[in-house]
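Here is the structure we will look at.
Taken together, the values in this text are just the output of simple stated rules run on the coordinates, not laboratory data. In this text, all values refer to a predicted model and were calculated from it rather than measured experimentally. For neighbour counting, all protein chains shown are included, and Cβ atoms are generated from backbone atoms with ideal geometry for every residue, glycine included.
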Amino acid sequence: MKTLYALSRVGDGRWRRALNESDMHLMSNKGKKSQKRGWDSITIDILAAALQPEKKMRIMYKANLNFDRFYRYFCDLQEKGFIEKIEDGNGQAFYRTSQRGKTLLAACRKSQDLMDSNNI
């Protein structure tokens, strides 16, 4: 087997080195469509992550979003009353999904289930 050395960025920004021809298929995404998450998927992830009171950073990590995208969605959800802010006795801020947010979460999940079941 011929040994090849090639560098390529992995999805999280790290560099990966392919050592031989059999590894080269891992280096290329040509011909494959990457599925971007839409509004509904991101909203579900944020609301589900905030079902229990959490700090913003923890919600961001659970939803698997970068800061810019998280902040844009989170602020929008908070302004519309889907996420509420709670302060503990020490003045620390925690956030959780409000009752209105739980209703939205259930509707989004139902919508997503219908889309998946009909293969649309």
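Using the Cβ-Cβ distance between residue 106 and residue 79 with R0 set to 25 Å, the FRET efficiency works out to roughly 0.75. Relative to the current alpha-carbon distance between residue 51 and residue 115, full extension at 0.36 nm per residue lengthens the span by 20.7 nm.
Protection proxy ranking for 44-55, 72-83, 104-115, using the average of other Cβ atoms within 10 Å per residue and placing the highest first: 44-55, 72-83, 104-115. Each residue of segment 40-45 is assigned a 3J(HN,Hα), and the resulting list reads 5, 5, 5, 4, 4, 4 Hz, derived from the Karplus form 6.51 cos²θ - 1.76 cosθ + 1.60 (θ = phi - 60°), x at Gly and Pro.
Give me, ordered by chain and number, the residues 5 or more places off residue 94 or on other chains with an amide H under 5 Å from its own placed amide H. Those lying under 5 Å, H to H, from residue 94 are 86, 87, 88.
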